[in-house]
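Here's the structure we're looking at; comments come further down.
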Amino acid sequence: MARREPIAIPKGLFDILPASFSLKEEAWRHVEHWQKLEDILHTTARQYAYQEVRLPIFEHTELFARSSGESSDIVSKEMYTFLDKGERSLTLRPEGTAGVVRAYIEKQAYAAQDFQKVYYIGPMFRYSRPQAGRYREFYQFGAEAFGFDSPQQDIELIDMLWTVYHRLGLKDLRLLINSIGDMGCRDRYREALQNYLRPHFNLLSADSQIRFEMNPLRILDSKDPQDQALLKGAPCISDSLESSTKDHFEEVLAGLDALGIPYEVCPSLVRGLDYYNRTVFEITPPAITSQNTLGAGGRYDDLVASLGGPKTPAIGFASGFERVLQAYLEQHPEKRAATTLQLLFIPLEKSALPPIMQMARTLRHQGYAVAIDFGLKKLKNSLRQADKLGVRFVALLGDEELQKSCLQIKDMQKGTSEVLPFETFLAEFQPRYGSSHV
Ligand code: HAM
């Protein structure tokens, strides 16, 4: 049969694979790094008392239209929407908050307990032009806290995200924070901003002209240099805040100070989703480019009610795995080579397999990651393969070693080797080889 053309992955998507699967793949796509970040997430969330939720990948389109807002980029341009066989309009989730709120209301989680704190990890879908750090399918981890309007809740949530980044080893991050007030302040500010911009309307970029009526606050987000220049003299949202909102924001800032989390108040930060009010924030790596926000969130005290639930204060964040891992590997290039494997056994004879199977099992049950090359290839080929796998230690067992019940252990990094009796090898595995994985 003629060989068929292979089918390529769709545009804007990527595979997450073990490092050994595709050596050409960029390191941030290696699953070992994803697992490390997931471990940190699960541990940190548990310690902050957030429970995991696993929600559907698609929901009714209306849910996203009603929560993110018709004028948001997500709803107006980026949704993967389709009709199913029953002619229902469904949408691949572009973000996680709407689904969590839907479940919170539908399951009456507010009746079970007066506060609920949850987190999630999973793929999201947005149809946008693929570029570095922007994909059509991307993974977010996010957290949502329902029930408390206390500023301490804002601080706890920001601290949790900050802790995740810190535990991963990210350095010099910038926390940008702002308060965009309640709906009343927002309406007043909207009018003030429109009044200021109206005489310059013709000078605004095409995108900002569209936003002028629909969502003028989003003009503050514009990256267009002329828009930026016009905005220099614009009124500031902080001038429109009510005193209770100002007090809330001051308490959030004081709490961050008390925890030693540095921040920059950023008056132009408004965020692209309609559901936010009061505290909004973004965390970026030190070098600023337009796409590189690592994680972001804010309060959404009106969303639960606007989707049919009881009035419930809430706050949340979400962060993209891809950007976080890219920043991590940029800051720690030495961590790029990823292997979780601690030892590879290479039997040189068939008769070496039974003792190797025993020893491998003992080590695995003690918690070590151990592989066996069953190929019985030439030693040179086995060592070449071990090198590609990135494993630091290999244990060789041939006729000579078998007779003496010994193993030859090679340190692939240093190029040294030593011969150890089986019992010594097993008894001293921890101090000699135990910390060899990344
Ligand atoms: P968002 O700002 O739209 O917020 O996205 C949060 C994060 O997801 C971004 O900072 C970025 O790391 C990542 N992200 C977004 N779009 C893409 C993309 N196309 N490719 C790669 N990464 C991307 C939300 O999604 C809100 N639901 C956050 C939230 C939760 N607010 C309250 N609760």
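Computed from the coordinates by the stated procedures, all read-outs in this text should not be read as laboratory data. All values derive from a computational prediction rather than experimental measurement. Positions of Cβ are backbone-derived with ideal geometry, glycine not excepted, and every protein chain shown enters the neighbour counts.
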Where the only charges are on Cβ atoms (+1 Lys, Arg; -1 Asp, Glu), what is the dipole of the stretch 155-222 about its Cα centre, to the nearest 20 debye? 140
Compute the Kirkwood hydrodynamic radius of the stretch 92-177, taking the inverse of the mean of 1/r over all pairs of distinct Cα atoms, and give it in Å to one decimal. 15.1
Report the local net charge at residue 325: Lys and Arg +1, Asp and Glu -1, summed over other residues whose C-beta lies under 13 Å from its C-beta. -1
Using the Cα centre as the reference, give the magnitude of the dipole from point charges on the C-beta atoms of the chain (Lys, Arg: +1; Asp, Glu: -1; all else neutral), rounded to the nearest 20 debye. 1640
Can you order the peptides 418-431, 319-332 by their average number of other Cβ atoms within 10 Å per residue, highest first? 319-332, 418-431
Please list, in order along the stretch 255-267, the HN-Hα scalar couplings obtained from phi with the Karplus expression 6.51 cos²θ - 1.76 cosθ + 1.60 (θ = phi - 60°), rounded to whole Hz, x for Gly and Pro. x, 5, 4, 4, 8, x, 9, x, 8, 10, 6, 10, x
Which whole-number percent gives the relative contact order of the chain, counting Cα pairs below 8 Å spaced six or more residues apart? 16
Assuming a ≥ b ≥ c are the square roots of the Cα gyration tensor eigenvalues, decide whether the stretch 1-138 counts as rounded (a/c under 1.5), prolate (otherwise, with a/b larger than b/c) or oblate. oblate
Between 327, 277, 258, whose Cα lies farthest towards the positive end of the dipole of the chain when Lys and Arg beta carbons carry +1 and Asp and Glu beta carbons carry -1, centred on the Cα centre? 327
Mean Cβ count within 10 Å, highest first, over the residues of peptides 300-311, 226-237: 300-311, 226-237
Convex hull of the chain built on C-alpha atoms - directionally averaged projected area, nm²: 28.6
Convex hull over the Cα atoms of the stretch 138-189, averaged projected area in nm²? 5.6
Mind checking which lysines have their C-alpha under 25 Å from residue 107, skipping anything on the same chain fewer than 8 residues away? 117, 311
Mind checking which lysines have their C-alpha under 24 Å from residue 388, skipping anything on the same chain fewer than 8 residues away? 24, 36, 335, 350, 377, 378, 380, 410, 414
For residue 80, distant residues with modelled amide H under 5 Å away: 92, 127
